[in-house]
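Taking it in order: structure first as C-alpha cells, then the write-up.
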Amino acid sequence: MLKNFADYVTFSLFGLLKGSQTGEALNFFIYDTLKIFLLLTTIIYVVAVIRTSFPPEKTKRMLSHKREYVGNILAALLGIVTPFCSCSAVPLFIGFVESGVPLGVTFSFLISSPMVNEVALIMLWGLFGWKIALIYIGTGLVVAIIAGIVIGKLKMEKYVQDYVWEMQVGNAEIVQMNFREKLNYAREYTLDLLKKIWPYVVVGVGLGAFIHGYVPADFLVRWAGRDNPFAVPIAVALGVPLYSNAAGVIPIVHALMEKGMAIGTVLAFMMAVTALSLPEAIILKNVLKNRLLAVFFGTVATAIVIVGYLFNAIL
C-alpha cells in the first residue's frame, strides 16, 4: 500500500520516469519516510507504556551495588528500554556514578542506551528484516557489556572529575502510575519524541535517497567493499565526527547497503555514529578526565571495528 502510494506520487503525479536518478531518489524518499514514521508512531507508543516501569530512579536503584558482569549485562539490557541519544545519556551517567553504580556498569549503560534501543530495532526491522535487526541489537549489547567490563577492570574511578563524587543528588521518589496515566504518558512521550527526531528522519532519508539515486554503486564498493581491508576502520572514523541518532543514520545505512557496502562495515558505521560522537566527547570532558575519556572512546571504537570485521567475514 505504501509502496503503491509512493509509486503513484513519483511516477504518475510528478511524471518522473522509472529508473531515472531523480525518480528513484524521490520514490525512495517518499516510501521510506512514510514507512519509518508509521513504524515509529505505532511501536514507540507500545514501548513507552513498557517504559513507565523503568523510570530513571528505578533504573539507578536496580544497578546500584550489582556484582561485576551481572551489572554490566543488566545495564546493557536496560539501555534498550531507556533510549537516550549519546549526549542526553550523560546526565544519567553522573546520577548513576553518584548513586553508587560501579563505573564499568555505568559505561555499559552509557554505550547501550543510544546504540541499542527501540527506535533502532523498529527501523532496522522495517528496512532490513528481523535477522539484521537482531544481529545489530545482539552485537550492540555485546559491545556495551564487554566495553563496560574492560573499563571496570581498569579501575579508573580516579579519572572521574572530583565534583561528580561530591554531588549529592539523593534518591527521588518513584511515582506509580495507573493504566490510564501510563497510556496518557505514552501518547505524550510518543508525540514529544517524534517532534525531536523527525528532522533527523527527514534529513537521514533525504541523504539516503540521494545516495540511492545518484551515487554510483562502484564508488562505494571500491572504498568500502570486502576487498578493502581498511573499510571497517575507515567507516568508524567517518562515523565519529557525525552526530545523529538511530532515526537519522539508519536510512543512510539502508542506502549504503543497497549500493553494495558490506554489512559488517555498515553496522560498524552505524554503531560509531550512535555510540561515539564529538558532541558526546565535549560533554563527557566535563565529567571524565582525559585518560578515562580516551580509554572509553578507544575501547568502544576497537570493539566496533572487531564486530565489523567479524560480520564481514561470516556474512
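With the cut-off at 31 Å, tell me which of the pairs 3/131; 153/285; 158/182 have Cα atoms farther apart than that. Walk me through the numbers before you get to the answer.
Details: 3/131 22 Å; 153/285 21 Å; 158/182 41 Å.
As for pairs spanning more than 31 Å Cα to Cα, those are 158/182.
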Each label sits 7 Å from Cα toward the beta-carbon; between residue 196 and residue 237 the label points are separated, in nm, by 3.3 nm
Sorted on mean Cβ neighbours within 10 Å (highest first), peptides 119-127, 287-295 come out as 119-127, 287-295
Would you pull out the residues with amide H under 5 Å of residue 288's amide H, same chain only if 5 or more places away, H placed 1.01 Å from N?
-> 161
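Rule-based calculations on the coordinates, nothing more; no lab input. Computed from a predicted model, the values in this text were never measured in an experiment. Methodologically, a virtual Cβ is constructed for each residue, glycine included, from the backbone with ideal geometry; neighbour enumeration extends over all protein chains shown.
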